[in-house]
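The structure appears right after this line, and notes come after that.
The values are calculated or read from the model by the stated rules, or taken from the named source; none is laboratory data. Computed from a predicted structure; not experimentally measured. Glycine gets a Cβ as well: all are built from the backbone with ideal geometry, and neighbour counts include every protein chain shown.
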Amino acid sequence: MLTLIVMDPGNPSFLVLEPVEAPVSEGKSRVVPICIGPHEAMGLGAALEGARFSRPMTHDLMLDAFTNLDARIDHTLIHAVKNGTFFAQLVLRQYDRLIQLDARPSDAITLAVREGAPIYIDEKVLESASFPYLFKEPFDEERVVSEFKSFLENLSPDDFAE
């Protein structure tokens, strides 16, 4: 699942999810935009960047509590959308028991990202809340990798001088 945050100071932020099951090779996909607050966007952005702080943030505290309770994040599930509001569950695994916690999607996704846990969207939510996304040209992974390798081969330390 691709996670993209669109932040605009003073306006709502959006978390945009693209399911992995989408047929990228055909040049089309589905995306699910979820409106989140600016603080939630900053927390998720820090998780995506792998940022660490000198003092524990709220999500760090939660993860520490889970660890001390011998639980880990199994997955996050966005299971419903009603009147534009998304509902999620954070699913913990404690030994062989699954524990489902009601959570805001932004928190559940941030915690899943921090722990490398999968993020799922219920098919009913995909059907009702997703939008088609068409690429201008079909995605060609070989071409992208080849272009990146060529870029790296031609890169020199002088390219970073001011």
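Is it true that Ala41 is closer than 20 Å to Leu15 by Cα, under 12 Å from the mean Cα position of the chain (by Cα), in a loop (DSSP other than H, G, I, E, B) and not polar (S, T, N, Q)? Talk me through it step by step, then tell me what you get.
On the way: closer than 20 Å to Leu15 by Cα: yes; under 12 Å from the mean Cα position of the chain (by Cα): yes; in a loop (DSSP other than H, G, I, E, B): no; not polar (S, T, N, Q): yes.
It is false that Ala41 is closer than 20 Å to Leu15 by Cα, under 12 Å from the mean Cα position of the chain (by Cα), in a loop (DSSP other than H, G, I, E, B) and not polar (S, T, N, Q).
Taking the range 1-39, which residues are surrounded by fewer than 12 Cβ atoms within 10 Å (Cβ to Cβ), at pLDDT 65 or above and of a type in the set (Gly, Ala, Ser)?
Gly10
So if I check each of Asp96, Asp122, which one is loosely packed, with under 11 Cβ neighbours inside 10 Å, among the acidic types (Asp, Glu) and farther than 30 Å from Val144 by Cα?
Result: Asp96 is the single residue among Asp96, Asp122 that is loosely packed, with under 11 Cβ neighbours inside 10 Å, among the acidic types (Asp, Glu) and farther than 30 Å from Val144 by Cα.
Hey, among the residues in the range 54-66 that are at pLDDT 85 or above and in a loop (DSSP other than H, G, I, E, B), which one's surrounded by the fewest Cβ atoms within 10 Å (Cβ to Cβ)? I'd like the intermediate steps shown before the answer.
Applying the first criterion (at pLDDT 85 or above) to the range 54-66 yields 54-55, 57-66.
Imposing the further condition that a residue be in a loop (DSSP other than H, G, I, E, B) reduces the set to 54-55, 57.
Values: Ser54: 4, Arg55: 6, Met57: 17.
Of everything passing the filter in the range 54-66, Ser54 is surrounded by the fewest Cβ atoms within 10 Å (Cβ to Cβ).
Given Pro132, Pro138, which one is outside any strand (DSSP E or B) and at pLDDT below 95?
Criteria check complete, one pass: Pro138.
Just the residues that are within 14 Å of Cys35 (Cα to Cα) and either in contact with a Phe, Trp or Tyr (Cβ under 8 Å, 6 or more places away or on another chain) or in a strand (DSSP E or B) (or both), please, taken from the range 67-89.
Ile78, Val81, Lys82, Thr85, Phe86, Phe87, Ala88, listed by residue number.
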